[in-house]
Amino acid sequence: MKKLLSIFAVLAFAFSANAGTLDDVKNRGFLKCGVTTGLIGFAAPDDAGNWAGFDVDVCRAVAAAIFGDSSKVEFTTTTGKSRFPTLASGEIDMLARNTTWTLSRDVNLGFEFVGVNYYDGQGFMIPSALGVDDATGLDGATVCIQTGTTTELNLADFFRANGIGYEALPIETNDEARENLFAGRCDVYTTDASGLSATRAQADDPDKWVVLPNIISKEPLGPLVRHGDHQWGDVVRWSLNTMIIAEELGVSSSNVDESKGSNIPEVLRLLGVEGGYGEMLELSNDFAYNIIKQVGNYSESFDRNIGPDTPLGIGRNLNALWTDGGILYAPPFR
Amino acid sequence: MENNSNFEIRKPPVATTGILGWCRQHLFSNWVNSFITLLVIYFLYQLIPWFLDWSVFSADFWTNYKGELIVDRTFCSRVADPEGDHGACWAIIIVRFYQFMYGFYPSEQVWRVNLTYFLLVVALLPLLIEKIPGRKHLIKFTIAFPIVAFILLYGGFGFQIIPTNKWGGLLVTLVLGVFGIAIAFPLGILLALGRRSQLPVISMFCTLFIEFIRGVPLITLLFFGMVMLPLFLPEGLNLDGLVRVLVAVTLFQAAYMAEVIRGGLQAIPRGQYEAAQSVGLSYWQMNRKIILPQAIRISIPSIVNTSIGLFKDTTLVIIIGLLDLLGIGRGALADATWMGLSNEVYVFVALVFFIFTFSMSRYSLYLEKKLKTGINMGAD
Ligand SMILES: N[C@@H](CCC(=O)N[C@@H](CS)C(=O)NCC(=O)O)C(=O)O
C-alpha cells in the first residue's frame, strides 16, 4: 500500500503542471489548503463550520496575503498517508499539516518545505498506571503509531538502537489512535509531542496519562508546496515569515494600524509603507499588513490555538524567538 | 381418514403452545441452551439499565445539572462535576446537529437539501409500497430522481451553485450510499450478463473489469479516483472531487453486485432459458421477462448485504478529504470546545448508521417474504 501510494505521488507529480500556482489561485478566487483530519489546536472546524487552528492560520495568512481576505480558503483534510499524493496531484495548493521536513520528502517526493512553523520532537504517552518513567523501559509494549509518518520510522530506530522489542499497532488517524490508547488496546501512543499534548487534553482524566521525558527525534513541522514553482513557494514562505517577523518587531493585530506611523524602518517596510516588497512577490504591497491585521503575528496565533491558556497548554520552549532563548528565526524583511 | 369423527380432538399440551411453549422450545430446550439464555438475560439486565441511564436519565441535553445552557464542554455535567453521577452530554450533537446533517452547506440554501431528503422518500415510496396509487407515475419520478437531486443539491438552472466541498455529514454519506447503490445496481446486472455472454470480447472485458476491481481495496480505488483520474481526463475538464469519489464507489459496488447477480443467474436451471428461447423471445426479452426476475429474486439477501457493506464503507472517504457523518464527528472532537466527548459522538454516529442499515435489512426481509424467495424455484 505504501509503495503504491508513493508511486501515485511520483506519477501524479510527473503529470501535473507545476508552474503558475499563484495565477491559478488568483483566478480561482480562493486557496486550497490541506490540513489534518482534526488535531486539537492545529486544525478543526468550530461550531459555525469555520476552520481554526495553528496550522489553519498559516493557510489563512497565505489567503490574506493574496486576496486581502483570510476567509478565502478551502480546506481539505488529509491523513498521514494521503497528504502527499493529494499535494502532488494538485488537489491542494499547499499543505499545512504538522508535516516533518525530511530529506526524502523534500527531494525524493518532489516537495519544497518553505519554513518551519513549529519545532517539535517525537515523544511517548502512556497510562501513568504503567509505572514506567523512561521509554527504554517499554520492552514488549504495544505501540499505537500513525502510518505514513516519520514517527513510524523513528520508533523502529529507537527500539532497535536500545535493543528492546515492541509490537506496532498501525493506525490511520489521530482520533483512532486516541481511542485505541484510551481503550487500552495499546500501551503507548507515540507521535509528535505537540500531538501528544493534544491527545492528553482530550482524556476524561488527563492525570491518568503521562508524557515520558524522552524526545527521540527532531520534527521540524512546516508548510510545503510542490517542487518547481518557486514563485509560489516564495509567497507561502514570506507569508509565514511575516508572522514571525511581526512578532520580532512587536507588531500585532491590535497595533498594526498605529504601527504604520512607526519610526522603525523595518516596520514600515513590513507594512508596505515603504519599499515595494509585495510587488516583488506579485502581491499587493500591504500583503503583510493584511496577514497581521486578519490572522495576527506568530505569538498571537500560538497563544490563541495551542499556548498556555488553551487546553493544550504548550509552552513556547524551542518555538520562542531566537531573542528569547528559542530557535524561531526569520530572515530579514528587506 | 374416513373415521376421523371417531377421534376426540384434543388440544396440544399447554407446555408446547403459547408463550410458555415457545420459551420452552426456543430458550430452554436443554441445559446448555438454558444456561446461555440465563447468561444473556443477566448481561442484558446489567447493560440495558446502565445504557439507558447513561444515554437518557442522567444525560445532559440542552442544559447541565445546574440548569445552565451548555455552550462548550466545560458546561457538561460530567466534565464540570466529575465526582457526580452524570451521563452523556448530548449538547455536542445538538449544537453541531446542522453540521452532522449538512456539513458546511450554506444555511440560507439548506431547504434544498431538506427538499431532496423529502423527494428521496417520495422516490422510494413505489419501491417500498407495492399497492400505492399511481405507482406507474411515481416510478417515473424515481428514475428521474437522481437528476432532480443533483440539480437541487448542486445548483444550476437558476439555483445558486453550492460546491461539493461545502457538503458534509449525513448528506455526503447519503449521496455516496444512495447514488452508489442506485447506479451500481443496473451496472452490476449488465456486467453479470456480460460475463456470461457468448461473445468472447464482451465476456472477457466484463471478467477483467470485475476481477480487477475486486482485486484492489476500496481505499486504493478512492485514491485512484481522487489523485489519478484527473490526470487521464482531457485538459480543462475538471471533475468535481465528490463526483470522482462517486465514480470509484460505484465501480467498486458494481463489480460486487455483478458477482452477486451472477450467482443468482447461475441458479436458474437451463430449462428456463430453453423454454424462453423456444417461445421465440429475444436475448433481452428472455432476460428481462424470465431470467432476471428470478435471478434477482434469489439474490435479494446478498444484494442487500453488499449494499449495507457499501453504505458503511463510505466512511473511508475521510482518507481522501471528504467529511462524511463520521468525519464531521471527528472534526467536532478535534475542536477544543468539545474535545473528549468521543463516546457521545461515536454512539450518535453508530445510531444513525444503524437506523439506515437496519431499515435496509428489514426491507430485504419484507421483499423476501413478498416474493417468497425461500421457496425452491423448481417447485414454484
Ligand atoms: N510529523 C510527523 C507526524 C505527523 C502526524 O501524523 N501527526 C499526527 C498527530 S501529531 C496528526 O497530525 N494527526 C492528525 C490526523 O490524523 O489527521 C510526520 O510528518 O510524519
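The values are calculated or read from the model by the stated rules, or taken from the named source; none is laboratory data. On a predicted model such as this, the values are computed, not experimentally measured, just so you know. Positions of Cβ are generated from backbone atoms using ideal geometry, with glycine treated the same way; all protein chains shown enter the neighbour counts. Remember, those area values only see protein heavy atoms, side chains included, never the ligands or the DNA or RNA. Shrake-Rupley method; radii C 1.70, N 1.55, O 1.52, S 1.80 Å.
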**Message:** A:G296 - would you say it is within 24 Å of A:D120 (Cα to Cα) and small (G, A, S)?
**Reply:** yes
**Item:** Out of B:R244, B:R196, sole residue that is open to solvent by 40 Å² or more (accessible area, probe 1.4 Å) and among the basic types (K, R)
**Value:** B:R196
**Request:** Starting from the range B:72-101, take each residue that is within 12 Å of another protein chain (Cβ to nearest Cβ) and of a type in the set (S, T, N, Q) and list its partners that are assigned to a helix (DSSP H, G or I) and open to solvent by 30 Å² or more (accessible area, probe 1.4 Å), counting only C-beta distances under 7 angstrom and pairs at least six apart or across chains.
**Result:** B:T74/B:A80
**Request:** State whether one or more residues within the range B:96-112 are farther than 30 Å from B:I70 by Cβ and not charged (D, E, K, R).
**Result:** no
**Asked** Just one of B:I318, B:I300, B:I290 is buried (at least 16 other Cβ atoms within 10 Å of the Cβ), modelled with pLDDT under 90 and within 14 Å of another protein chain (Cβ to nearest Cβ); which is it?
**Response** B:I318
**Which listed residue is more than 13 Å from the ligand (Cβ to nearest atom), over 20 Å from the mean Cα position of the chain (by Cα) and modelled with pLDDT of 95 or more, from A:L212, A:L249** = A:L249
**Request:** Pull up the range A:56-80, narrow it to residues that are within 16 Å of the ligand (Cβ to nearest atom) and within 19 Å of A:F287 (Cα to Cα), then point me to the one that is farthest from the other protein chains (Cβ to nearest Cβ).
**Result:** A:V58
**Fill in**
Of the residues in the range A:195-209, those that are near the ligand (Cβ under 9 Å from one of its atoms) and either in the same structural domain as A:V35 (by TED's automatic domain parsing) or of a type in the set (A, V, I, L, M) (or both) come to A:L196, A:A198
**Prompt:** From the residues in the range B:342-380 that are at pLDDT 90 or above and among the β-branched types (V, I, T), which one is nearest to A:L39 (Cα to Cα)?
**Reply:** B:V345
**Prompt:** Does the range A:229-240 contain at least one residue that is closer than 29 Å to A:Q294 by Cα, more than 10 Å from the ligand (Cβ to nearest atom), more than 14 Å from chain B (Cβ to nearest Cβ) and surrounded by fewer than 17 Cβ atoms within 10 Å (Cβ to Cβ)?
**Reply:** yes
**Request:** Please work out which one of (1) of a type outside the set (S, T, Y); (2) touching a Lys or Arg at 6+ places or on another chain (Cβ under 8 Å); (3) surrounded by 20 or more Cβ atoms within 10 Å (Cβ to Cβ) is the condition A:I126 fails and give its number.
**Result:** (2)
**Message:** Given the criteria polar (S, T, N, Q) and either more than 17 Å from A:C59 (Cα to Cα) or near the ligand (Cβ under 10 Å from one of its atoms) (or both), does A:T86 qualify?
**Reply:** no
**Request:** Could you check, for the range A:240-260, whether at least one of its residues is under 20 Å from A:F54 (Cα atoms) and among the basic types (K, R)?
**Result:** no
**Item:** Residue satisfying all of: in the range B:323-333; at the interface with chain A (Cβ under 8 Å from one of its Cβ atoms) and open to solvent by 10 Å² or more (accessible area, probe 1.4 Å); nearest to A:L95 (Cα to Cα) among these
**Value:** B:L323
**Asked** Going by the structure shown, is B:S278 open to solvent by less than 20 Å² (accessible area, probe 1.4 Å) and polar (S, T, N, Q)?
**Response** no
**Message:** Looking at A:D175, A:D192, A:D93, A:D120 in this structure, which one is away from the ligand (no atom under 15 Å from the Cβ), buried (at least 23 other Cβ atoms within 10 Å of the Cβ) and closer than 19 Å to A:T36 by Cβ?
**Reply:** A:D93
**Fill in**
Within the range A:138-160, of all residues that are open to solvent by 50 Å² or more (accessible area, probe 1.4 Å) and closer than 18 Å to A:L212 by Cα, the one nearest to the ligand (Cβ to nearest atom) is A:D157
**Request:** Answer yes if at least one residue in the range B:342-363 is among the polar types (S, T, N, Q), over 30 Å from B:V95 (Cα atoms) and away from chain A (no Cβ under 14 Å), and no otherwise.
**Result:** yes
**Message:** Criterion first (open to solvent by less than 20 Å² (accessible area, probe 1.4 Å), touching a residue at least 40 places away in the same chain (Cβ under 8 Å) and not charged (D, E, K, R)) does A:Y298 satisfy it?
**Reply:** yes
